[in-house]
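Okay, so here's the structure we're looking at.
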Amino acid sequence: MMGEVYLIGAGPGDPELLTLKALKYIRMADVALVDDLVGDEVKDIVRKEVEEVIEVGKREGKHRKTQEEINRLMYELAKKGKKVARVKGGDPFVFGRGGEEAEYLAERGVRIKIIPGITSAFAGAESAGIPLNHRNFDPGILIIPGREREGEERIDWSAVAKIKATIVILMGISSLERNVRRLLENGKDPDTMVAIVENATTERQRVIEGKLSDIAEIAKRRNVKAPAIIVIGDVVELRDKIKEYLQ
Ligand code: SAH
């Protein structure tokens, strides 16, 4: 009999942000394919609960599994009748390529279960004391990737610069300088506040603040590394009011 695949969002890192449903399906699985981005403590839970754990984000020697290899592996395991937990950071359908995985499996007749997770786009801002929405600030929230497939860039930065929304950029550290320049060139106010939240919701969380005009330089000086989210918008200033009281 054909097995099935659970596409599980493991949340941003803090194991307490794993949902009850995620844990339930992790426990049901025979084998787990775990992404690099999944928090260390969540990985520990998966190792404890699942008999066979494959860390697909890890480099073995030089080789890191490609998306195609991961897709094929899930399919092969399901074909053997296994219940497969595909454990991904944050929410499986927020820039996690979960959609491509679901599509691949559905095309091959594999039953899938999609288990939402808490995305770092929201939890990252919140854990730094930044409400992405507040009535006194921009009304919307825009979540975009900092980089796209080479040669296939579709983000309209002039529109992004104009939109009345707090902007959250994921996968944006290596391209920070370039994207800040694009926003400034398209007329975004250089005084717009920016916060970068590195390793959000983990013990290693770090928050770096600046303005659009100087954040790239500050991030470089403070050696900011992925994974981190970038929040651009004046609502960032509320953090200064809130942070002292954050537990
Ligand atoms: N599906 C994930 C996002 C995958 S894309 C989610 O919903 O969160 C990978 C990007 O997510 C990283 O480059 C980083 O921008 C962000 N990210 C994931 N975990 C993070 C964390 N703990 N702290 C800060 N950013 C994180």
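Please report, in whole Å, how far the alpha carbons of the chain spread along each principal axis, starting with the longest.
Taking max minus min along each principal axis of the Cα atoms, the chain gives 59, 43, 37 Å.
Once the convex hull of the C-alpha atoms of segment 1-115 is built, how many Å³ does it hold per residue, rounded to a whole number?
Convex hull volume per residue, Cα atoms: 92 Å³.
My understanding is that a pair violates if its Cα-Cα distance is over 18 Å; which of 65/220; 21/88; 21/43; 188/225; 24/83; 21/83 do that in this structure? Don't skip to the end; give the middle numbers.
Working: 65/220 30 Å; 21/88 14 Å; 21/43 16 Å; 188/225 25 Å; 24/83 13 Å; 21/83 15 Å.
Those over the limit are 65/220; 188/225.
Quick one: if you stick a label point 7 Å off each Cα along the C-beta vector at residue 30 and residue 2, how many nm between them?
Distance between label points: 1.6 nm.
Tell me the per residue accessible area of the chain using a 1.4 Å probe; a whole number in Å² is fine.
Working: 13350 Å² over 247 residues.
Ligands and nucleic acids excluded, the figure is 54 Å² per residue.
Gap in Å between the Cα centre of segment 51-114 and the Cα centre of segment 193-247?
32 Å
Would you work out if segment 37-88 is rounded, prolate or oblate? Take a ≥ b ≥ c from the square roots of the eigenvalues of the alpha-carbon gyration tensor; rounded if a/c is under 1.5, else prolate when a/b is larger than b/c, oblate otherwise.
Working: a/c = 2.10, a/b = 1.08, b/c = 1.96.
Cα axes put segment 37-88 in the oblate bin.
Please report, in debye to the nearest 20, how large the charge dipole of segment 4-118 is about its Cα centre when each Lys and Arg carries +1 at its beta carbon and each Asp and Glu carries -1 there.
Details: 22 positive and 22 negative charges, 72 e Å.
Here the size comes out at about 340 debye.
With the Cα gyration tensor of segment 121-245 giving a ≥ b ≥ c as the square roots of its eigenvalues, does the rule (a/c under 1.5 for rounded; else a/b larger than b/c for prolate; else oblate) give rounded, prolate or oblate?
Numbers: a/c = 1.56, a/b = 1.21, b/c = 1.29.
Oblate is the answer for segment 121-245, as a/c is 1.5 or above yet b/c matches or exceeds a/b.
The values are calculated or read from the model by the stated rules, or taken from the named source; none is laboratory data. In this text, all values refer to a predicted model and were calculated from it rather than measured experimentally. A quick note on method: Cβ atoms are made from the backbone with ideal geometry, for glycine too, and the neighbour counts reach across all protein chains shown. Note: areas computed on protein heavy atoms with side chains; ligands, DNA, RNA excluded. Shrake-Rupley method; radii C 1.70, N 1.55, O 1.52, S 1.80 Å.
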